Structures are given as structure tokens and as C-alpha cells.
Amino acid sequence: MRLSRFFLPVLKETPTEAQIVSHRLMLRAGMIRQEAAGIYAWLPLGFRVLKKVEQVVREEMDRAGAIELLMPTLQLADLWRESGRYDAYGPEMLRIKDRHERELLYGPTNEEMITEIFRAYVKSYKSLPLNLYHMQWKFRDEQRPRFGVMRGREFYMKDAYSFDLDEAGARRAYNRMFIAYLNAFARLGLKAVPMRADTGPIGGDLSHEFIVLAETGESQVFCHGDLVEMGAPGPDVDWDGDLQPLVDRRTSLYAATEEMHDPARFEREVPADRRLSARGIEVGHIFYFGEKYSAPMRAVVTGPDGQDRPVQMGSYGIGVSRLLGAIIEASHDAAGVIWPDGVAPFGLGVVNLKPGDPAVDTACERAYAALSAAGLEPLYDDTFERAGAKFATMDLIGLPWQLVIGPKGTAAGEVELKRRATGQRETLSLEAALSRLTAKA
RNA sequence: CGGGGCGUAGCGCAGCCUGGUAGCGCAUCUGCUUUGGGAGCAGAGGGUCGCAAGUUCGAAUCUUGCCGCCCCGACCA
């Protein structure tokens, strides 16, 4: 993409409404525009990152055996009356009427609808296990939206729903999601710690929130410090095998959000030098809820014994749009965003320091063509801005690499390659820079 | 939903208290100079002062109502 033809409305000054760094940087980098409280338009740069994050989540869900579908944003109120949640939900749910006075709602989540789909088609235990997911815009009419995309009213979410014959099967489904989440967050450059969460009326140990530690997190969290650096199992696990040991390794150490925190246990189980008390951002939540929806909505399957029973369900959410905020909170500096390689909106920036200079233009065009052909998705700054402004913009939008090509270097047969994360710059020949970069593709 | 605050040019703000018909910086446009970390000079364009009533000869300024947005708290993916 040539910057001269792209739409990148960067701001030099910080809008006053933005209080936290990720919100400020998303506005300044021209990623989002607020259209109403908690409702944002995704400008091209932000949209590209959103799609990258979405794709990482999709690949990890698919790897774990989940099947993608797409459910609508609008749902019938009658469906929610079946589970009793239409009246239980309160003013957070946006209620709408169509021209026929039919009551609709803009979905804040999709348990009822997925249960309705499941019960319409699945009748036998032989069709299980099943895990269906979608990524869709949701709406929750928060009393007080804030922190930009981290707590909007409209938000993009991946939600998966598992169906199993019994609780043992549901636990296996839960473990698959648990591992898939660790892998997804790791690929996004995040250190996400699973923490035991409130299971509500169901009870048991099958609910975890995945928390990214950040100063601007909205909740206080407490955990064993080793959990932060434990890393993810990676894709090469036996998804049909026993994942319990991998899960146990991460759930045996103390980790709790404020509402689940037990100070006495914390001090008893965690050595003083390993006790971590920090702020955290919730980026995922997995939950086993058994028959909560399948029983009232009569989603039953026939077991091997010929008996019908309500299917055992769990749900697994990831706040995809929120993740952009979380990633920035975890990865930025004074100059701007530092995108992890896997989600950067462009693979690198090619900075032409003197457009119109034939030698520099030629070098830049060659680099741009080669990098594009290699699939690196370069953003080529071919504008007539001053060098300082170009550097500032590149640092702000946080592309992982900057290939700087100017008249002095070109005369000497040299270009400069800068790594955004470290600020390290290296001078080398254009060919060496290109082969180095394309080797990464 | 309680408490506080703010709406004046694309962005950041001043002007309001003490009414006299709108200003600064950045951005934008033109010209010249400049050219490796958000340039300089000169000129230009751009605003029904959130909306609506009211007071007044006259309202960005005073009064009332409404709308929108932000912050703190309670609540939440």
C-alpha cells in the first residue's frame, strides 16, 4: 500500500476524551473514530489489525476442532423468553421493535440462539462432541462506556459453544478451549494468565478468566508470578487426547481476580517473593454451565442407552475488539504502538526520505515491489512530508520494521533497517536488507 | 444509576465572571526558502459559538429546558 493513496488520519495532538494509553494511541494513529459513547468506526488501519487478530483467534479455534458459523446480530425476544433471560437481563440489553411491533434485541451473547440451532438438528450422542463458534458484533448498553475499545457498548466478540453428552465430555471440551486460548493469546504477543472465576449457580471449578496484566487493567488480580512466564503449550498437542495435565499445570498455582481472591490462601500457597498483585484486563472467559439452557429450551440428545437427556454445554468468549486495546496497553512506548509481528496492520514501512529523487525513488520502488511480492504487506511512505514527520508517523503506527531509504544512503549503496520494538538501526545494502526481510516471510 | 465537569474552525484551547456580533496554536490551501526525527517566512480559506425558548436595543457571554460527551464511584466481555 502506498501511503499517498491510503487513508491514515493521524493526530499530532491527543484528544482530551482519551484517558488511557491504548485509547489515545488508537485515536492518534487513526485506527478508530468515536461515533457515539462506546461506539466506534474502525478506520482502515484499525480495521486491518482487527482482521489480523480475528484471524489468529479463528486459526486457533479451528485447530482445536471448533466449527465456525455466523449468527445474526438481531434476535427475537421470544427466544430469550424461553430461557428466562429476556426479563432477567435488564437495561444493558438493547431492545428494538420492528414495523410489526415484534420485539427484538441486539444480541449481547448467543447462548439461546445456538441452543435453538443445536436442538433443531442434533438428536443423537453420535453427533457429539460438537463445538460451534462465531465472531460477531455484540451490543451491551453499558451505563458507562470508557477506555475506548476496551469497554465499548458495541464490541466484536468470538463466542464458542460446546455440546457434550456428559460432564466428562464437557470437561474435555473445556480443556481444549483452555489450551486453544493459551495458544491464541501467545500468538497475539500477550501473556495471559488463566484465573479461576466465579462459576455462579453451577459451581465447580470450570470457569476461568484469561487476564492480561496491565497497569490500566480494570480489576485487581493476584497470582503466582510463575504463571505469567509459563507460556503456551503450542499447536502440537494431542487435541483428542488427555489435556488435563497441561491444564492442571496452570490451574494448580494460585491465580484469582479480586472477587475470587482469598488473601489467607494466597499467602499460604504462594512464597512471598512470588506473590504478584497487579491490575489486569480480562480478554477471555470460558465457562461450563451444563444444562442451564439445554434443559429449559429442551435441547436433548439420545444417549447410547436410548434415554434422552439435556445436552451439556459450555461457552467460551474472547473479546476480539477489546484485544486491540489490551495488546497496545501491553506493547507501546512514548512514541506510539509497537505491534507484535503477527497482528501488525502492515508488515513493515518503507520510508522514502526524498520522493522525486530518481535514485531514491528507484530504490524504494524496487524494495516495495520485492517486499509486496514476498507477501510482507509493506506500507510505502511515498509522501512529501518531512523526514521527521515520517519517522514520527511510522513510530506512532508501530509497524515492526522500518526500511529507511534516503539520498545519502542511496549514494553510498546503503539503506537503514530499524526494528520498532528495540529502536535498533542497522545500515546495510538494499539487497541485504531485502533478503533479510523476505527470509522472514 | 449517584456525584462532578465540558460542548466556541478538523484537533487542542482562550474569550463568558463584568452582554456590543469571535480569537490563538496546530492542521488545511498558495508561494518562496528549507530537507535524516512532527521546519521557516508571507498570504489565504474555514465557525448558524451543541439545540430551543426567554431576558435585552443587542446574547458565545445572563436565565430556563433539552441533547451530546468526558471524569470519579457502583456495575460489566
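The values are calculated or read from the model by the stated rules, or taken from the named source; none is laboratory data. Small disclaimer: the values here were computed from a predicted structure and weren't measured. Reconstructed Cβ throughout: ideal geometry from the backbone, glycine too, with neighbour counts over all protein chains shown. What goes into the accessible areas is simple: the full protein's heavy atoms, side chains included, and nothing from ligands, DNA or RNA. Shrake-Rupley method; radii C 1.70, N 1.55, O 1.52, S 1.80 Å.
Across segment A:20-35, the number of residues qualifying as touching a helix residue (DSSP H, G or I) at 6+ places or on another chain (Cβ under 6 Å) and part of a loop (DSSP other than H, G, I, E, B) comes to 3.
Where strands (runs of 3 or more DSSP E) sit wholly within segment A:181-276, those with at least 3 residues that are crowded, with 19+ Cβ neighbours inside 10 Å and not aliphatic (A, V, I, L, M) occupy A:207-213, A:219-224. Could you list, in sequence order, the residues of segment A:1-19 that are touching a helix residue (DSSP H, G or I) at 6+ places or on another chain (Cβ under 7 Å) and within 12 Å of RNA strand B (Cβ to nearest atom)? Listed by number, the residues that qualify are A:8, A:10, A:11, A:14, A:15, A:18.
With respect to (1) acidic (Asp, Glu); (2) touching a Gly at 6+ places or on another chain (Cβ under 6 Å); (3) crowded, with 24+ Cβ neighbours inside 10 Å, the lone exception for residue A:159 is condition (3).
Residues in segment A:417-441 that are modelled with pLDDT under 95 and over 16 Å from residue A:346 (Cβ atoms): A:439 only. The residues in segment A:409-433 that are near RNA strand B (Cβ under 8 Å from one of its atoms), out of contact with any strand residue (DSSP E or B) (no Cβ under 7 Å at 6 or more places or on another chain) and more than 22 Å from residue A:369 (Cβ to Cβ) can be counted, and the count is 1.
Given the criteria of a type in the set (Ser, Thr, Tyr), within 17 Å of the chain's Cα centre (by Cα), within 22 Å of residue A:132 (Cα to Cα) and open to solvent by less than 10 Å² (accessible area, probe 1.4 Å), does residue A:321 qualify?
Criteria met by residue A:321.
For segment A:371-384, the count of residues that are away from RNA strand B (no atom under 13 Å from the Cβ), surrounded by fewer than 19 Cβ atoms within 10 Å (Cβ to Cβ) and free of Cβ contacts under 8 Å to residues at least 24 places away in the same chain is nonzero.
Take the conditions (1) within 23 Å of residue A:215 (Cβ to Cβ); (2) at pLDDT below 95; residue A:339 misses just one of them, which is (2). Here A:95, A:119 are screened, and the one residue that is assigned to a helix (DSSP H, G or I) and over 30 Å from residue A:14 (Cα atoms) is A:119.
Which ones in segment A:134-158 are of a type outside the set (Lys, Arg) and assigned to a loop (DSSP other than H, G, I, E, B)? I'd like the intermediate steps shown before the answer.
The first filter runs over segment A:134-158 and keeps only residues of a type outside the set (Lys, Arg), leaving A:134-137, A:139, A:141-143, A:145, A:147-150, A:152, A:154-157.
If the condition is that a residue be of a type outside the set (Lys, Arg) and assigned to a loop (DSSP other than H, G, I, E, B), then A:141, A:142, A:143, A:145, A:147, A:152 are the ones that fit.
Filtering segment A:60-92 to residues that are open to solvent by 50 Å² or more (accessible area, probe 1.4 Å), part of a loop (DSSP other than H, G, I, E, B) and more than 16 Å from RNA strand B (Cβ to nearest atom) leaves A:70, A:72.
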